Amino acid sequence: MMKKSITKYELAGMIDHTLLKIDATYDNIKKLCLEAEKYHFASVAINPIHIPLAKKLLKGSRVKICAALAFYIGAYPPEIKEYEARDAVAKGADELDMLINVGALKAGRYDIIEEEIKGLVRAAEGKITKVILETCLLTDEEIVKACQIAKKCGASFVKTSTGFRKPGATIHHVKLMRETLGTGMGVKAAGGIHTAEQALAMIQAGANRIGTSSGVEIIEGLE
Amino acid sequence: MEEKIKKEELAKKLITSLIESNVTENDIKKFIRETKEYPFHGIAVDLPYLELTKKLLHGTGIRLIAPISYPLGGMTTETKIRQLQYAIEKGADEANVSLNYSAIKSGDFAKVLDDLKRVVEAAKSKIEIVAVLQSPILTNEEKVKVCNLIFDAGVRAIKVASGFGWNTRPEDVMLIRREFRDKFRIEASGGIRTTEQALEMFALGADLCHTSTWQKVLEGAK
């Protein structure tokens, strides 16, 4: 049994209820939205093709629509990423999660990382932006560098992973990101988080948002 | 004893690729330096590297291939079209376009057709469209239905699966060939790592095979 350090309501408010599967049906998206309403999750995190449907279903709801951008390879030119972000906003997205060009970061092309994050923030027009690093592919040094660039460019959050590669979020990486960013920015832990215990450990390490496809199980598992 | 296929002959029926999150410009340069020794049908790279690859492939006759909304197909029609326009600007010869798989699985075939039709329209015949069927997530009924839609949209080439864990099964190549005869160029992709596997796909009706491990596939040729 988990120690009651956080209420169900508080934890639910930190969860991006996520469904990015290639074969997700309209019915699956409906279920996701209904659950998000019922449990008061922060958002539904979905592929851009599903934004209009989620928008319709969540009309008048406090649940936000979070769009997964540049998924899940991330290797797109900055102008294409900015276009996709604008398109997502135009269709009704409230939050934008974008994977960086990991290869550009590795090659030391920080100008590209800066340009793509600036484009994302510009396209977001004040909406929440989350910069995904795909930490399992990066060294600690690269993670620190990417966090610094994201902070400089005005992103709202830095996020560990897409969830498509293993391992997803780790305590070590979340701590490192929080240390680098300080308190002024958000840290989203995502990928491989399936239990209340894991979610609480991520929050303890410095995360203030959790991306998971197991939101219902996590909330039900919190005593 | 059967005569071995020549490396050059086999390479002409292969498409190789370097599509991954952590690919760098130097990786591309090294990759092209090695691959352009053989007359591959084509080489696929992520959008940021199209321009560089085009330059490096100049004079080889190898076709440049761009992935569009790859591999999930979760991007909107508008974003796909923007990507396609970018690929055309950078000189890509072919585009591997993911479909709206969610719409397929929801039975919304009108949406699937509309999406692909608009992409084909945007291509303005300046780039060859290859539709990525993604057969491993489809029922046989869906495969046939979607192949018909692909044909109706004016596309004449099908990549059976995307790779990235979604592999072309021999029976899917057979199914498409049997149901559609010569209506499509069939490209097998995903998990093809040996000469034998590639030759089997060709024997069953595939016209081209995608492989990221081209050295292994060419190894069994003379």
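The values are calculated or read from the model by the stated rules, or taken from the named source; none is laboratory data. All values reported here derive from a predicted model rather than from experimental measurement. No Cβ is skipped: glycine too gets one built from the backbone with ideal geometry, and neighbour counts run over all protein chains shown. Ligands, DNA and RNA are stripped out before the accessible areas are found, and what is left, the full protein with its side chains, is counted by its heavy atoms. Shrake-Rupley method; radii C 1.70, N 1.55, O 1.52, S 1.80 Å.
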Rounded, prolate or oblate (a/c below 1.5 giving rounded, otherwise prolate when a/b exceeds b/c) for chain A by Cα gyration tensor: oblate
Burial order of peptide ranges B:63-70, A:94-101, B:51-58, B:139-146 (average beta-carbon count within 10 Å, highest first): A:94-101, B:63-70, B:51-58, B:139-146
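For the pair A and B, how large is the buried accessible area, both sides, in square angstrom to the nearest 100, if the probe is 1.4 Å? It would help to have the intermediate numbers written out before the result.
Working: alone 10550 and 10730 Å², together 18290 Å².
Approximately 3000 Å², summed over both chains.
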Of all accessible heavy-atom area on chain B, the percent that carbon and sulfur account for (1.4 Å): 46
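How do B:PHE202, A:PHE164, B:PHE40 stack up against each other in accessible area, from largest to smallest, with a 1.4 angstrom probe? Could you put the intermediate results ahead of the total?
Numbers: B:PHE202 30, A:PHE164 70, B:PHE40 5 Å².
From most accessible down to least: A:PHE164, B:PHE202, B:PHE40.
May I ask you to compute the full-extension gain from B:ILE137 to B:ARG118, defined as 0.36 nm times their residue separation minus their alpha-carbon distance, rounded to one decimal in nm?
Working: separation 19, 0.36 × 19 = 6.84 nm, distance 2.36 nm.
Additional length available on full extension: 4.5 nm.
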Computed accessible area, B:PHE151, all protein chains, 1.4 angstrom probe, square angstrom: 60
Under 18 Å from B:LYS36, Cα to Cα: lysines that are on another chain or at least 8 residues apart: B:LYS6, B:LYS7, B:LYS12, B:LYS13, B:LYS54, B:LYS55, B:LYS216, B:LYS222
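Can you order the peptides B:207-214, A:203-210 by their average number of other Cβ atoms within 10 Å per residue, highest first? Please list the in-between numbers first.
On the way: B:207-214: 22.2, A:203-210: 20.8.
Top to bottom by mean Cβ count within 10 Å: B:207-214, A:203-210.
With every protein chain kept in place and ligands, DNA and RNA left out, what is the accessible area per residue of chain A? Probe 1.4 Å, answer in Å². Don't jump to the answer; show the numbers that get you there.
Numbers: 9050 Å² over 223 residues.
About 41 Å² of surface per residue is accessible.
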Those residues of the range A:63-79 for which accessible area with every protein chain present is at least 40 Å² below the isolated value (1.4 Å probe): A:TYR72, A:ILE73, A:ALA75, A:TYR76, A:PRO77, A:GLU79
Part-to-part distance (alpha-carbon centres) for the range A:61-99 and the range B:69-115, which is given in Å: 16
Solvent exposure of the range B:7-219 as accessible area per residue, Å², 1.4 Å probe: 39
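Which whole number gives the average count of other chain Cβ atoms within 10 Å of the Cβ atoms across peptide B:108-115? Show your work: numbers first, answer last.
Numbers: counts 2, 0, 0, 2, 0, 0, 0, 1.
That works out to 1 on average.
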Cα gyration tensor shape of the protein assembly as shown, rounded if a/c is under 1.5, else prolate or oblate by comparing a/b with b/c: prolate
Average Cα contact separation per residue, the range B:38-148, under 8 Å, 6 or more apart, as relative contact order %: 24
Peptide-level mean, for A:45-52, of C-beta atoms on other protein chains within 10 Å: 5
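Tell me, what is the percent relative contact order of chain A, built from C-alpha pairs under 8 Å that lie six or more residues apart?
So the answer I get is 19 percent.
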Hull-based mean projected area of the range B:1-160, where the convex hull spans the alpha carbons, in square nanometres: 10.9
